[in-house]
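Some notes on the structure that comes next.
Read-outs: derived from the displayed coordinates by stated rules, not from any lab. For clarity, every value in this text was computed on a predicted model and none was experimentally measured. All Cβ positions, glycine included, derive from the backbone under ideal geometry; neighbour counts span all protein chains shown.
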Amino acid sequence: MLMLLITLHLLSAVVWVGGMFFAYMALRPAAAAVLEAPARLRLWEATFARFFPWVWLAVLLLLGTGLWMMFAYLGGMKTAPYIHAMFGIGLVMMAMYAHIFFAPFKRMRLAIAVEDFAEAGRRLGQIRMLIGINLILGLVVVAIASAGPLMSAA
């Protein structure tokens, strides 16, 4: 069971953090270089509409598998400090993602629907900034997850 939990946990992190990396580092500059604002905003709306359900699944799996492993296999919250760091940063990331989904993304979609591309662009700018922060946090968690057990064993 532990192997299944670890696998689901890692795959969920790869989907979420990898998706943010691709969107921020590859899709964003490519779309800005070749598409005018209306087409670029519609591309982002369609991309987020397809990516965000995967993020919701990743969030649920990360939280569920993380808590399960923490309490069933690692002795709960009294475990190594790296577990606390991963859990705390993960909760911040999840809250930030929920904000992105329910606030600027929702407003961006509404603005695109009425072809208010200036407003949609402002909302995309908010999303870009928050995803950039979440990407950095996600990469920090990956580093902690990779190095934490080694540091605890030393």
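Structure notes:
- Residue within segment 84-101 that is in contact with a helix residue (DSSP H, G or I) (Cβ under 7 Å, 6 or more places away or on another chain), closer than 16 Å to Leu135 by Cβ and of a type in the set (Ser, Thr, Tyr) present: yes
- Hits in segment 8-43 - residues which are more than 30 Å from Met69 (Cβ to Cβ) and of a type in the set (Val, Ile, Thr): Val34
- Selected residue (only one of Thr79, Thr7, Thr47 is among the hydroxyl-bearing types (Ser, Thr, Tyr), under 17 Å from Pro149 (Cβ atoms) and surrounded by 15 or more Cβ atoms within 10 Å (Cβ to Cβ)): Thr79
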